[in-house]
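The structure appears below as structure tokens.
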Amino acid sequence: MVRVVFTPNLERHLSCPEATVSGDSVREALDAVFETDQQLRGYILDDQSRLRQHMVIFVDGKTIVDRVHLSDSISPNSEIYVMQALSGG
Amino acid sequence: MSSQIHIATRKGLFQLDRSSSGWSLGRHDFHGEHVSMVLKDHRDGTTYAALNHGHFGVKLHRSNDDGKNWEECAVPVYPEGATIGAGPFSTDGKPKPASLSEIWALEPGGPDQPNRLWCGTIPGGLFRSDDCGSSWQLVESFWDLPERQHWFGGGKDDPGIHSICVHPENSQQVAVSISCGGVWVTKDDGASWTCKADGIRAEYVPPDQAYDPNIQDVHCLVQSPSHPDFYWAQHHNGVFRTTDGANSWQEITTIQPSGFGFAVAVHPKQPDTAWFVPAIKDECRIPIDGKFVIARTTDGGLTSEVLTNGLPQEYAYDIVYRHALDVDQTGECLVTGSTTGNLWISEDGGDSWQTISTTLPPIYCVRFAKS
């Protein structure tokens, strides 16, 4: 099963405990999480279902390439970290 | 006189309350968050706050108990595949995907539309809700206007709807203004729209386009509550007024010390009285000679006064954004807040001002809670 972990900074706004899901791509894994939490979806993806500009996703230590379709493949034992990109002020 | 004001800032939402001892800052909600718009709906007392999280996007919250408890509601969503026009500043000539980057205008519908809200966004979408923000519908008749392809951003990268004026006696009539896309009016509750910016002039474009109504950069549009055919517009290169329901506009050249600014407020009972916050135009955007002033006309723009009593007259570099000047329902009490975190109130129509704070975050919006 794939482990999905969200930045703790999200806890200021809503609950987002780590999840264990299945899927062959980042999109499939996240959709599995969002299936039970549509509000969380809006914090990670924009209204065109792309990764938000100032978010970044790591899969097994590497940032994903496809920020639009989230098609990067994952393995059954992958770890997905959904983090904030370095920006702000 | 109103006794409650909301202050939307770069670092949260503040509430200002008036008691027998005067005005004082009270609640501070959404600590550290960018609050782009606030509205207290006078019809049912619900307060709405639009947030713009740097990382997590645009959100809308509402409270039914004056901010003690907030709940997140829905935000406008563009249809899948929606795009904004390529615009004059596109680097590749291709349309950009439309994605919500800011809630820039939020207004209640008329008294006969108790759950109606209107919302203007960047990039240039007009949405409405008929369930107090639980869901939103894109006004497709507006989105589908072919003229929208020619709108472009002013201070923002993309065009945005910043002003929505619901006719006080006929809620089917709504006027909307866009930076940069002129003034548009519907008289059938959004079924059809007409561009109503004839006479507004842009001196910063080629001369043959100066009067093109569809590209005008109106910074802020307000409608007289007592004489709804009167609108005032603070435009990028001056002040304009209409007295015939936006069919024709006249340029007002008497506002001192400058016609440039972002904000305008109109007296609730006297349509010829309006207030402005003048500044040096274009790239500079600071008060003239470091003196922060409010301009007022009481005769429809034939003459204007420069109001300074209580306002800083040296080393002042405050800019007041388009939503950061408001007047209450008596026309006597005004509030304004600046990019420098200064907040001032007048209780005599602008003749004199008191400083409420000099240390707030940059202020985006100030609004009286009106009854």
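Quick one: which residue in B:T243, B:T253 is open to solvent by 40 Å² or more (accessible area, probe 1.4 Å) and closer than 19 Å to B:V277 by Cβ?
Unique residue meeting the criteria: B:T253.
Tell me, yes or no, whether segment B:303-312 has at least one residue that is outside any strand (DSSP E or B), farther than 25 Å from B:S357 by Cβ, β-branched (V, I, T) and over 22 Å from the mean Cα position of the chain (by Cα). I'd like the intermediate steps shown before the answer.
Start the filter on segment B:303-312 by keeping residues that are outside any strand (DSSP E or B), which leaves B:303-304, B:308-312.
Adding the requirement that they be farther than 25 Å from B:S357 by Cβ leaves B:303-304.
Still in the list and also β-branched (V, I, T): B:303.
Within this subset, residues satisfying the condition of being over 22 Å from the mean Cα position of the chain (by Cα) are B:303.
Scanning segment B:303-312 turns up at least one residue that is outside any strand (DSSP E or B), farther than 25 Å from B:S357 by Cβ, β-branched (V, I, T) and over 22 Å from the mean Cα position of the chain (by Cα).
What number goes with the only condition from (1) open to solvent by less than 70 Å² (accessible area, probe 1.4 Å); (2) more than 13 Å from every other protein chain (Cβ to nearest Cβ); (3) modelled with pLDDT of 95 or more that A:D24 does not pass?
The number of the failed condition is (1).
Can you pull out every residue in segment B:274-289 that is open to solvent by less than 30 Å² (accessible area, probe 1.4 Å) and either among the charged types (D, E, K, R) or in contact with a Lys or Arg (Cβ under 7 Å, 6 or more places away or on another chain) (or both)?
B:W275, B:A279
Looking at B:D348, B:D326, B:D299, which one is of a type in the set (D, E, K, R), closer than 13 Å to B:V266 by Cα and surrounded by fewer than 15 Cβ atoms within 10 Å (Cβ to Cβ)?
B:D299
Kindly provide the set of residues from segment A:27-48 that are among the polar types (S, T, N, Q) and either surrounded by 15 or more Cβ atoms within 10 Å (Cβ to Cβ) or modelled with pLDDT of 95 or more (or both), ordered by number. Walk me through it before giving the result.
Narrowing segment A:27-48 to residues among the polar types (S, T, N, Q): A:36, A:38-39, A:48.
A:Q48 - this is the single residue of segment A:27-48 that is among the polar types (S, T, N, Q) and either surrounded by 15 or more Cβ atoms within 10 Å (Cβ to Cβ) or modelled with pLDDT of 95 or more (or both).
Looking for whichever is under 11 Å from the mean Cα position of the chain (by Cα) and within 14 Å of chain B (Cβ to nearest Cβ) here; the options are A:L40, A:L14. Which one fits?
A:L40
Residue by residue, here is whether (1) more than 22 Å from B:I280 (Cβ to Cβ); (2) of a type outside the set (D, E, K, R); (3) open to solvent by 10 Å² or more (accessible area, probe 1.4 Å); (4) part of a loop (DSSP other than H, G, I, E, B) holds:
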{"site": "B:V320", "(1), (2), (3), (4)": "no, yes, no, yes"}
{"site": "B:V335", "(1), (2), (3), (4)": "yes, yes, no, no"}
{"site": "B:T339", "(1), (2), (3), (4)": "no, yes, yes, yes"}
{"site": "B:W344", "(1), (2), (3), (4)": "no, yes, no, no"}
{"site": "B:S352", "(1), (2), (3), (4)": "yes, yes, yes, yes"}
{"site": "B:R367", "(1), (2), (3), (4)": "yes, no, yes, no"}
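Go through segment B:77-181 and tell me which strands (runs of 3 or more DSSP E), entirely inside it, have 1 or more residues that are acidic (D, E).
Values: elements: B:102-108, B:117-122, B:126-129, B:160-166, B:174-179.
Result: B:102-108.
So which of B:F152, B:F142 ends up being open to solvent by 20 Å² or more (accessible area, probe 1.4 Å) and within 20 Å of B:H219 (Cα to Cα)?
Working: B:F142 fails: open to solvent by 20 Å² or more (accessible area, probe 1.4 Å).
Matching residue, one of B:F152, B:F142: B:F152.
Please name all residue pairs, on different chains or six or more residues apart, with Cβ atoms under 9 Å, provided the first residue is in segment B:312-323 and is free of Cβ contacts under 8 Å to residues at least 24 places away in the same chain and the second residue is of a type in the set (D, E, K, R) and surrounded by fewer than 24 Cβ atoms within 10 Å (Cβ to Cβ).
Close Cβ pairs satisfying both conditions: B:Q313/B:D289; B:Q313/B:K291.
Does segment B:45-58 hold any residues that are away from chain A (no Cβ under 14 Å) and in a loop (DSSP other than H, G, I, E, B), and which are they?
Passing the criteria: B:G45, B:T46.
For the structure I just gave you, tell me whether B:S2 is at pLDDT below 95, more than 10 Å from chain A (Cβ to nearest Cβ), closer than 30 Å to B:T355 by Cα and open to solvent by 30 Å² or more (accessible area, probe 1.4 Å).
Answer is no for this residue.
The values are calculated or read from the model by the stated rules, or taken from the named source; none is laboratory data. Remember, it's a predicted structure, so these values are computed and weren't measured experimentally. We place every Cβ from the backbone using ideal geometry, glycine too, and count neighbours over all the protein chains shown. Accessible surface areas use protein heavy atoms only, side chains included; no ligands, DNA or RNA. Shrake-Rupley method; radii C 1.70, N 1.55, O 1.52, S 1.80 Å.
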